[in-house]
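Remarks on the structure that follows.
The values are calculated or read from the model by the stated rules, or taken from the named source; none is laboratory data. Predicted model, so just to flag it, every value in this text is computed and none were measured. As a convention, Cβ positions derive from the backbone with ideal geometry for all residues, glycine included, and neighbour counts pool all protein chains shown. Note: accessible area is taken over every heavy atom of the protein model, side chains too, but ligands, DNA and RNA are not part of it. Shrake-Rupley method; radii C 1.70, N 1.55, O 1.52, S 1.80 Å.
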Amino acid sequence: MTTAATPSILDTLGIWDDPRVVQSSDATDDHVLVENPATGEPIAGVRLQSSAELDETTTKSVEAFKAWRVVPAPERGQVVRAIGDAYREYLEPLGELIAMEMGKIRAEGIGEVQEVVDIADFAVGLSRQLHGITMPSERAQHIMKEQYLPLGPVGVITAFNFPCAVWGWNAMLAAVCGDSLVWKPSLLAPLTAIATNRLAQQVAAEAGHPDLFGLIIGADDEVGEPMIADRRYPLISATGSCRMGRRVGAVVAGRLGKTLLELGGNNAIIVEPDADLDLALKSIVFGSVGTCGQRCTSTRRAIIHESIADDFIAKIATAYKSVVDNKRIGDPLDESTLMGPLIHEESVLAFENAIKAATEQGGEVLAGGKRLDPGNLANEAIRGGHYVEPTLIRMPAGTHLPIALDETFAPILYATTYSTLDEAIALQNAVDQGLSSAIFTGSVRAMGRFLDPSGAGSDCGLAYVNLGTSGAEIGGAFGGEKDTGGGRESGSDAWKAYMRRQTCTMHFGDSFALAQGIRFE
Ligand code: UN1
């Protein structure tokens, strides 16, 4: 079953006007067939572009950059303001397209577009605040300052799980900074990319900059590799797996370009005995089940104090079972659905393999563990979708199963126990990834140790107290340490990644003065 909303969403967003898009019945080997993960049915075909088309798009982006960088930043901000308004207008259909194409529930799809609206607002303000600093010169009659300058075309590579917002974080900031963009989206969510890019592109075209937002849809070897190797992109911003990030990092470093990497997470929530357990439970369930466990910020590990563990873990299991028993898994566009499908069959296999490994390694499956029985779907007509049960696995006390050290993009939560807070923090930090982390506690001391300014607490880029690991606001810098790649996107001073810095020294006297007191008569 294709949901009734399907044709109207695609029409409303002008998807069929894009020359790359064809009816699925007309798709050939040159196309990627986009499937609705909720039904397994095709939505449309999208023609895969060639490296020659990438070259052409890059050339246009270089020209667009030259025209755009001379527009004063506050005026660039006004164009971004109009782009934000376009997303406000299309919030619902675009959110629904995200839900339909990659399977997150409608509320989360709309929330994702809201992130783009929010970052556009942020960027408008920023367009009047791209501050450099001044510093005193060691020489008389000299002035020193730093200024930030537009960088050039930015290559943006995004994953399927946030097919709109992650581009938005990059694009809205890069645009006020004076950069053009070329976006290579995931082939699992190209329709959202077409709709998202189109809204921004139309506004930019009306402002006289039709090539400011380029979009290239193609395979990694055909367009991804040439894009990251191309010196015309001073910055490549890439979101996706650690494996992908290692490749992008190596190639771009090889040509001494800049990267902004936002890669995998393996995020934990620590629950102290004095925590508000109701709040902790809700946050753990949303963090692990939301987006069907396919956020980079999804909660993958729960580290629970041994004095409360048995009861608390049983409550998580009950909550997971109720999601299944109350038939809250199903069509993401249905208002009562709490959890949609995984993106595709490969993800179901990865889910099954992880559970098999966990069991072999000594984990105990306390809830879920299987592909969802279609009889438990809210609507049996959608049985072709890639549905699984939210799964809770208990690990031996104070340790990780080897499989829990990997990021499996699925709703699997590994729980373990601890006795001291030091032990809990060590467990939280004992993975290669360093994106998001959280503690639930009523104690100021425990909070302080988790956020210890010495660095002895959480080693992640995001650290939360009494809230879950996912759902960051755009105002903070978003990203993580270690294998997460070190990049920061979105708020705070993340804009600096999209500009180049210049230290300017000006001499207004008439004496020949050298720095460091050097005399050269
Ligand atoms: C991602 O999964 O790549 O913090 C991004 C969050 C969202 C962004 C997730 N605001 O969960």
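From the square roots a ≥ b ≥ c of the eigenvalues of the alpha-carbon gyration tensor of the chain, which class results: rounded (a/c under 1.5), prolate (a/b over b/c), or oblate?
oblate
Just the number, please: percent antiparallel of the DSSP beta bridges in the chain, rounded to the nearest 5.
So the antiparallel bridges in the chain amount to around 40 percent.
Could you go through the stretch 482-495 in sequence order and give the Karplus-derived ³J(HN,Hα) for each residue, using 6.51 cos²θ - 1.76 cosθ + 1.60 with θ = phi - 60°, rounded to whole Hz, and x for Gly and Pro?
6, 5, 6, x, x, x, 10, 10, 6, x, 6, 9, 4, 4
Keeping all protein chains in place, calculate the accessible area per residue for the stretch 96-215 (probe 1.4 angstrom), answer in Å².
Using a 1.4 Å probe on heavy atoms only, each residue of the stretch 96-215 averages 28 Å².
Given H placed on each backbone N at 1.01 Å, which residues far from GLN49 in sequence or on other chains put an amide H within less than 5 Å of it?
Long-range HN contacts for GLN49: ILE217, GLY218, ALA219.
What are the ³J(HN,Hα) values, in whole Hz, obtained from phi via the Karplus relation 6.51 cos²θ - 1.76 cosθ + 1.60 with θ = phi - 60°, for each residue of the stretch 172-185 in sequence order, with x given for Gly and Pro?
5, 5, 4, 5, 5, 6, x, 9, 9, 9, 10, 10, 10, x
Report the calculated FRET efficiency for SER443 and MET144 (r = Cβ-Cβ distance, R0 = 51 Å), to the nearest 0.05.
Calculated transfer efficiency: 0.60.
Considering every pair of different Cα atoms, what Kirkwood radius, in Å, is found for the stretch 272-397?
Roughly 15.2 Å, rounded to one decimal.
Using the alpha-carbon centroid of each, what span in Å lies between the stretch 47-104 and the stretch 257-297?
29 Å
For the stretch 14-141, I need the span (max minus min coordinate) of the C-alpha atoms along each principal axis, in Å, sorted largest to smallest.
74, 39, 25
Under 17 Å Cα to Cα from LYS315, which aspartates and glutamates show up? Leave out anything in the same chain fewer than 8 places away.
Straight-line reach from LYS315, under 17 Å: GLU272, ASP274, ASP276, ASP278, GLU306, ASP325, GLU364, GLU389.
Could you tell me which of the pairs LYS282/LYS327; LYS66/LYS258; LYS104/LYS370; LYS104/LYS327; LYS104/LYS482; LYS327/LYS370 are separated by over 24 angstrom between their Cα atoms in the structure shown?
LYS104/LYS482
What ³J(HN,Hα) values, in whole Hz, does the Karplus curve 6.51 cos²θ - 1.76 cosθ + 1.60 give for the stretch 242-258 when θ = phi - 60°, with x put for Gly and Pro?
4, 4, 4, x, 5, 5, 4, x, 5, 5, 5, 5, x, 9, 6, x, 9
Percent of accessible area on the stretch 267-477 owned by carbon and sulfur, 1.4 Å probe?
Solvent-exposed carbon and sulfur of the stretch 267-477 make up 51 percent of the total.
Check the straight Cα-Cα distances from LYS145 and name the lysines below 19 Å, setting aside those fewer than 8 residues away within the same chain.
LYS496
Roughly how compact is the stretch 267-477, stated as its Cα Rg over 2.2 N^0.38 Å to two decimals?
0.99
Relative to the longest principal Cα axis of the chain, at what angle does helix 309-325 sit, 0 to 90 degrees, rounded to 10?
On a 0 to 90 degree scale, this one is about 90.
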